[in-house]
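The structure appears right after this line, and notes come after that.
The values are calculated or read from the model by the stated rules, or taken from the named source; none is laboratory data. Quantities reported herein were computed from a predicted structural model and do not represent experimental measurements. Reconstructed Cβ throughout: ideal geometry from the backbone, glycine too, with neighbour counts over all protein chains shown. Accessible surface areas use protein heavy atoms only, side chains included; no ligands, DNA or RNA. Shrake-Rupley method; radii C 1.70, N 1.55, O 1.52, S 1.80 Å.
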Amino acid sequence: MSSPIRQLLDEAAKSCPNQNEVRDNIVKSIYSSAENITSNTQYVEDKKSTDWSRKIDNILTSPIWGFPIMLALLTTVFWITIAGANVPSSMLATGLFWIEDRLTEVFMALNAPGWLRGFLVTGVYRSLAWVVSVMLPPMAIFFPIFTLLEDLGYLPRVAFNMDRFFKKAGAHGKQALTMSMGFGCNAAGIISCRIIESPRERLIAILTNNFVPCNGRFPILIALATIFIGGSVAASISSIIATLTVAGLVVFGITITLFISWLLSKTLLKGVPSSFTLELPPYRKPKIGEVIVRSILDRTIFVLTRAMIIAAPAGGIVWIMANTMVGDTSLLAAFASWLNPFAQLMGMDGFILTAFILGLPANEIVFPILIMSYISGSGMLELSSLEALRHLLVDENGWTWLTALCTMVFALCHWPCGTTLYTIQKEQHSWYWTFLAIAIPTAVGIVTCMIINLLAKGFGLV
Amino acid sequence: MGLTYQSTGITSRENFNITCISNEPVIALAGNPNTGKSTLFNALTGLRQHTGNWPGKTVLQSKGTYIYNTRKYLVVDLPGTYSLLANSVEEEVARDFICFAKPEVTIVVVDSTCMERNLNMVLQVMEITSNVIVCLNLIDEARRKKIQIDTEKLSRTLGIPVIPTAARNKEGIEELMNTTNKLISGQIKPRPNLVKYDKKLEDAILHLESKIKPLLGDELSTRWIALRLLDRDTKLISALEDFYDKHKILEMSKEVMA
Amino acid sequence: MKGSITLDTVPSNTFALITSINADGPTRRRLLDLGLVPGTRVEVLQRSPMGDPVAYNIRGAVIALRKEESSQVQTSR
């Protein structure tokens, strides 16, 4: 027997059999009521007042200017971040490493055992110092600018401009919005995928979100682009060249996103694009003060704290690994040399790949781990500037521009961080999709790096 | 707490992750996206939380509290939706919350510069509950665009309180809290003027209402349920079946007690 | 019907009067809920740089629709 509610439903169906007619009637009556009420209570004095939103839209979404402006804005944001982060980064590094020296002196004065000083100062403290000096300045610049664009209402326009590409890739235009969130944090990007209605397109957006560099990986790109690409040209244009490199990598990431989305929609996630509606809200004047406070408090401090919480123990563990001897090499060096042949095929070395693997909890610590593993194998005791970093990488460990490029590409395309994976698992309740979220970007990264490496060496460019 | 929505048994506040401290009134914020709903939420609760300017930003359901006249209120920021009729997850969450969690007051946030579109939502909420306040937000924008709104007349026409606000500048927030307070204490009794449909539909509604009442009692709006039945809204119907089962058990236990 | 065309073919910067929705199911609901009810005057705004989607002013809000949806909306000029 059907439930009483179902019986009521049958009764309803009997009295009004045409479902479309009922729906049309309901919506029409509601809208005409709203129309009547509005015309009776609202007076528009000056109907000709300039519609600024429309004027701005005609430029920002025009066939001629739409894409150039988008690219220019993207590049400008990166340029301000890179150029602006340089000086405070090195100041922070100088200051924090001065403190490290004082800490060492304190430990010496207290006659503390060498291993304790090594673990706490060289391991834990130095990782923290690197995370702060490499991450804080770019984040403190990038987040407020990005929040500003968000508050102005520019992001929906990006989705509007880009939708055609996403449609061709069998994905949803709102994926442009979830990718934008990914610039801040991929885990946040994954959560924001809820705005995509269709489960198929939402999954595509989730599986490809990692191709947008989050704030943990951004500093790796910036630092390497500044040292290797920017550093190889005249100082006057170095930050511009570094910017173009980072922007180029991001555009590469977007291209990969579209390609993988297309591939998924043709294979594992077959289907037709679902219905698409996107509101373009009027532009609003953001409150600058509020934007700065919110982006610094909610985003910068949040991300930095998370990074520091993970970096501190990770730094300690890596120090132990670098100082635990297996035969005549350290545990870390043994692991790295085991990975080395494979890493070399990808244009990197064993230590770089080790750093990426140990960086699984958070991408922010990949670079500090790498530096520490290099330092523990060298005679260097101090590392207080980008120049010293360049020396460490190039002179002591044989980095070339190819190593830097492959590391940057791999930073862009490899497994998502632990938090992001946890979020994917929580959103999808599926180990299968979580596994694919690891496998897809990793495969893309390995293949791309190998191709770059082969081509560069084949053409004798290195 | 994230917006973890399950379409199973939605009949009490606990199902919405709301731990109710006795006599702490619940206030729901509903409205279209981009109406400054989250800004209003921040203005009310003082919670620092990011509010972007793009659709779907409130994917996480936010909760906060404020204190007015020594009384504590719990505010729930519902997902921004254009309507409560379609079948998106956001719409379902917002609708089920208003219908089944029965907040003491539902504030519908309206963009004053785009009133007609937003009233659509107000009219739909009024069908579910009569404890509605319209918050004419972004009133400063409307002034700038030389749009005047006769709030008195609007309030009379709708039959519910209308409060103009500019949440960005905290304008009208005090007044909104005051009106909310008055509505809860019974000093204001809203009498919503509901949308009239064509005769055929109204007849069908009337007929169904007479059958719904004995089944479900007065706890839910029978007119609204009749409309949803006529609209064949399957998701709501399964939620109603759950409600009916619990309602029946409650009625039976009452009989036993008597 | 004379002058009856679907919304996707209406040129930019002109108005169109909605006469009916040719879709069923969820798409129909969605379009109606956006305010595309018969009798509504819609202004066609700019096209995206690639020609699709197109932005429309529907009852005071600017909403972008893909060709797949707008071609299911019947209008008269």
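To the nearest 0.05, how large is the calculated FRET efficiency for residue B:152 and residue A:11 if R₀ is 45 Å and r is the Cβ-Cβ distance?
Efficiency computed from Cβ-Cβ geometry: 0.60.
Taking the Kirkwood radius as the inverse of the mean 1/r across Cα pairs, report the Rg/Rh of segment C:26-77.
A ratio of 0.93.
Answer with one residue from B:75, A:403, C:45: the one whose Cα lies farthest towards the positive end of the charge dipole of the protein assembly as shown, charges on Cβ with Lys, Arg +1 and Asp, Glu -1.
C:45
Along each principal axis of its Cα atoms, how long is segment A:46-173 end to end? Whole angstroms, biggest number first, please.
Dimensions of segment A:46-173 along the principal axes of its Cα atoms: 79, 40, 24 Å.
Pull up all non-local amide H partners of residue B:68: gap of 5 or more, or a different chain, and H-to-H distance under 5 Å with H placed in the peptide plane.
B:73
Which number comes out as Rg/Rh for segment A:156-286 once both Rg and the Kirkwood Rh are worked out on C-alpha atoms?
That ratio is 1.05, to two decimals.
What accessible area, in Å² to the nearest ten, does a 1.4 Å probe give for residue B:76?
Here the residue's solvent-accessible area equals roughly 0 Å².
If each of residue A:439 and residue A:3 carries a label point 7 Å out from its Cα toward its Cβ, how far apart are those two points in nm?
Between residue A:439 and residue A:3, the simple spin-label model gives 4.0 nm.
For peptide A:190-197, how many partner chain Cβ atoms fall within 10 Å of a residue's Cβ, on average?
Mean number of neighbouring Cβ atoms from other chains: 5.
Using a 1.4 Å probe, how large is the accessible area of residue B:67, given in Å² and rounded to the nearest 10?
The accessible area comes out at roughly 120 Å².
Please list 3J(HN,Hα) in residue order for segment B:111-119, calculated via the Karplus relation 6.51 cos²θ - 1.76 cosθ + 1.60 where θ = phi - 60°; whole Hz, with x for glycine and proline.
With coefficients 6.51, -1.76 and 1.60, one gets 7, 4, 7, 8, 5, 4, 4, 6, 5 Hz.
Could I have the simple spin-label model distance between residue B:193 and residue A:237, label points 7 Å from Cα toward Cβ, reported in nm to one decimal?
A separation of 7.0 nm, rounded to one decimal place.
Which ³J(HN,Hα) values in Hz, rounded to whole numbers, follow from the phi angles of segment A:76-89 under the Karplus curve 6.51 cos²θ - 1.76 cosθ + 1.60, where θ = phi - 60° and Gly and Pro get x?
Karplus values, whole Hz, x for Gly and Pro: 4, 4, 5, 5, 4, 5, 5, 5, x, 7, 3, 5, x, 4.
Report the trypsin sites (Lys or Arg not before Pro) located in segment B:105-147 that are in a DSSP loop and have at most 14 other Cβ atoms inside 10 Å of their Cβ, or state none.
Passing both the DSSP loop test and the Cβ count: B:146.
Kirkwood-based Rg over Rh for the protein assembly as shown (C-alpha set), two decimals?
For the protein assembly as shown, the value is 1.02.
Cα axis of helix A:175-184 to longest principal axis of chain A: angle in degrees, 0 to 90, nearest 10?
The angle comes out at about 30 degrees.
In Å and on Cα atoms, what radius of gyration and Dmax does segment B:137-258 show?
20.2, 63
Per-residue Cβ counts within 10 Å, from other chains only, averaged over A:12-24: what number is that?
6
Sorting B:228, C:41, A:202 by accessible area (1.4 Å probe), largest first, what list results?
The ranking, largest first, comes out as C:41, A:202, B:228.
Take every residue in peptide A:157-169, count the Cβ atoms of other chains within 10 Å of its Cβ, and give the average of those counts.
Going residue by residue through A:157-169 and averaging, the value is 4.
Using each residue's phi in segment A:275-290, evaluate 6.51 cos²θ - 1.76 cosθ + 1.60 at θ = phi - 60° and report the 3J(HN,Hα) Karplus result to the nearest Hz, with x for Gly and Pro.
Rounded to whole hertz, the list is 5, 10, 9, 9, 8, 9, x, x, 5, 10, 6, x, 8, 4, x, 5.
Scan around residue B:28 for amide H atoms under 5 Å from its own, H built in the peptide plane at 1.01 Å from N, and keep only partners 5 or more places away or cross-chain.
B:76, B:105, B:106, B:107
How large is log10 of I(q)/I(0) for chain A at q = 0.10, 0.12 Å⁻¹ when the intensity is taken from the Debye formula with one equal scatterer per alpha-carbon?
-0.80, -1.08
Mean separation of Cα pairs under 8 Å and 6+ residues apart, divided by the residue count of chain C: what relative contact order is that in percent?
Result for chain C is 43 percent.
Note down the nm distance, to one decimal, between modelled labels 7 Å out along Cα→Cβ at residue A:357 and at residue A:387.
3.6 nm
How much FRET efficiency would the formula 1/(1 + (r/R0)^6) give for residue B:185 and residue B:251, where r is the Cβ-Cβ distance and R0 is 30 Å, rounded to 0.05?
It comes to 0.50.
Tell me, what is the 1.4 Å probe accessible area of residue A:105, in Å² to the nearest 10?
Taking all protein chains as shown, residue A:105 has close to 100 Å².
How many percent of all Cα-Cα pairs in segment B:199-257 sit more than 18 Å apart?
Result for the distance tail: 37 percent.
Going by accessible area, probe 1.4 Å, with all protein chains left in place, what is the ranking of A:319, A:115, largest first?
Highest to lowest solvent-accessible surface, that is A:115, A:319.
Once you keep just the Cα pairs under 8 angstrom separated by 6 or more residues, what percentage relative contact order results for chain A?
In percent, rounded to a whole number, it is 18.
As a check on your grasp of the helix formula, calculate [θ] at 222 nm for chain A: sum -39500 (n - 2.57) over DSSP H runs of n ≥ 4, divide by the residue count, round to the nearest 500.
Here the helix-only value at 222 nm equals -22500 deg cm²/dmol.
Which residue, A:333, A:347, A:29, has the largest displacement toward the positive end of the dipole of chain A when charges sit on each Cβ (Lys, Arg +1; Asp, Glu -1)?
Farthest along the dipole direction, towards plus: A:29.
For helix A:331-345, report the angle its Cα long axis makes with the longest principal axis of the Cα atoms of chain A; keep it between 0 and 90° and round to the nearest 10°.
Long axis of A:331-345 versus the principal axis of chain A: about 60 degrees.
For residue A:422 and residue A:320, compute 0.36 nm times the residue count separating them, minus their Cα-Cα distance, and round to one decimal in nm.
34.0 nm
Helix A:199-208 versus the longest principal axis of chain A: what is the Cα-based angle in degrees, 0 to 90, to the nearest 10?
Taking Cα atoms only, the helix is inclined about 20 degrees.
For residue B:163, what residues show an amide H to amide H distance below 5 Å, using hydrogens built from the backbone and excluding near sequence neighbours?
Here the answer is B:134, B:135, B:136, since their amide H atoms fall under 5 Å of that of residue B:163.
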